[in-house]
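Rule-based calculations on the coordinates, nothing more; no lab input. Bear in mind the structure is a predicted one, so any value in this text is a computation, not a measurement. Reconstructed Cβ throughout: ideal geometry from the backbone, glycine too, with neighbour counts over all protein chains shown.
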Ligand SMILES: Cc1cc2nc3c(=O)[nH]c(=O)nc-3n(C[C@H](O)[C@H](O)[C@H](O)COP(=O)(O)O)c2cc1C
C-alpha cells in the first residue's frame, strides 16, 4: 500500500490549510493510500547553516530540530500533500525555512530515483489578488523534497474555518487527495497545465529575456512566450535535455555530482587568496 503524507504549514489549528489538508487526506484514503499527518508548526526548525555537511558528511550539522522527523516521514512517504497559508504574497516563512534544508535529500537521491513519488499542494490565502507566489513556492517545496507535482489547489478565505463556506473548496481538496493516491498507482494522469503555466511545475512565474524567451522561476525550464489568437500568452518549453528539468531525479543527481560537490575543491584551490581578500575587507567592519 502507498503512503501519503500531509504536511500542514499553518500555526492556526484548525485553520483553513489544516481543514483542506485533512479533506485531501480523506480523499487519498478513499483512493487507497495509507495517510499520515504532520504539522510543521508543532516542530522547531533552525535555518540552514550553509555548511553542506548534508552533502559531504551525509548528515545535517543541526542535530536537535524537527528536520530528522520530517525527513524520515518524507523518505518513507510515496505521496506528499503540503498545505500552507499565504503571508506576504506567498507561503508562510516556515515553508522556505524548511525547503532550504531539502539538500538533506542528497545522500538519498540514488535510492529515491527509482521510486514513483507524487505530490500536490494547497495554497490558502485571504484574497486571490494577493497570492502570486502561493502555489509556486509550495510546489517548489514538493519538488525540492523529491516529488513530482501532479496537482494543486488554491482556496481563498481569511478567517479560520471560513474555507468551509464554499463547498467547492472541500470538493476540490478531496479530489486532489484522491488524485495523488491514484497517480501513485498509475491510475490518474497529472493535471493538465494551462498554456500560461510551466508544464513541469505549473508555475506562472517567468523571467523574460530577449527574443521572446523565458525561464520558469521554479524549475528553470527555458522556452519561449507566444501570444495565441485569444491574446493569452502561452509558454512553449524547449525540448527537455537528457536529464529533464532542474528537479528531475536525473538532473538533480547530475547537479550534485557536476556542480555542488566540486565547489569544495574549487574553493580550496583558491582559499589562501580568498582569505587574504577577506582579511582586507574585514578591516573596519563593525558589529
Ligand atoms: C500575517 C498575515 C499575512 C497575510 N498575508 C496575506 C497575503 O499576503 N495575501 C493574502 O491573500 N492573504 C494573506 N493573509 C490571509 C491568510 O492567508 C488567510 O487568513 C488564510 O486563510 C490563513 O490560513 P490558515 O487558516 O490555514 O492559517 C495573511 C494573514 C496573516 C495572518
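General observations
- In degrees, nearest ten, helix 271-282 long axis to first principal axis of the chain (Cα): 80 degrees
- For region 194-214 and region 104-169, distance of Cα centres in Å: 19 Å
- Here 96, 63 are placed in order of increasing Cβ neighbour count within 10 Å, fewest first, which gives 63, 96.
- Taking other C-beta atoms within 10 angstrom as a stand-in for reagent exposure, 147, 156 fall in the order 156, 147, fewest first.
- Counting DSSP beta bridges with both ends in region 3-191, the antiparallel % (nearest 5): 5 percent
- Cα shape, region 101-235, gyration tensor, a/c 1.5 rule: oblate
- Acute angle (nearest 10 degrees) that the helix 67-76 long axis makes with the longest principal axis of the chain, alpha-carbon atoms: 60 degrees
- Computed over the chain, relative contact order equals 18 percent, with contacts defined as Cα pairs under 8 Å that lie 6+ residues apart.
- Extension gain, residue 165 to residue 225, is 17.8 nm, computed as 0.36 nm per intervening residue step minus the present C-alpha separation.
- Label point distance in nm, residue 44-residue 185, each placed 7 Å from Cα along Cα→Cβ: 4.2 nm
- With a simple spin-label model that places each label point 7 Å from the Cα along the Cα-to-Cβ direction, the separation between residue 192 and residue 236 comes to 1.9 nm.
- As a rough footprinting exposure proxy, the listed residues 260, 122, 74, 274 were ranked by other beta carbons within 10 Å of their own, and the order from fewest upward is 274, 260, 74, 122.
- Extended-chain gain in nm, criterion 0.36 nm per residue less alpha-carbon gap, residue 254 and residue 277: 5.1 nm
- Between residue 26 and residue 128, the FRET efficiency from the beta-carbon distance, with R0 = 30 Å, is close to 0.75.
- Expected 222 nm ellipticity per residue - DSSP helices of 4 or more, -39500 (n - 2.57), all of the chain, to 500: -10000 deg cm²/dmol
- The alpha carbon radius of gyration of region 3-191, expressed as a multiple of 2.2 N^0.38 Å, is 0.98.
- The residue 209 and residue 1 beta-carbon pair, evaluated with R₀ = 35 Å, returns a calculated FRET efficiency of approximately 0.15.
- Extension gain, residue 97 back to residue 269 (0.36 nm per residue minus Cα-Cα distance, nm): 58.8 nm
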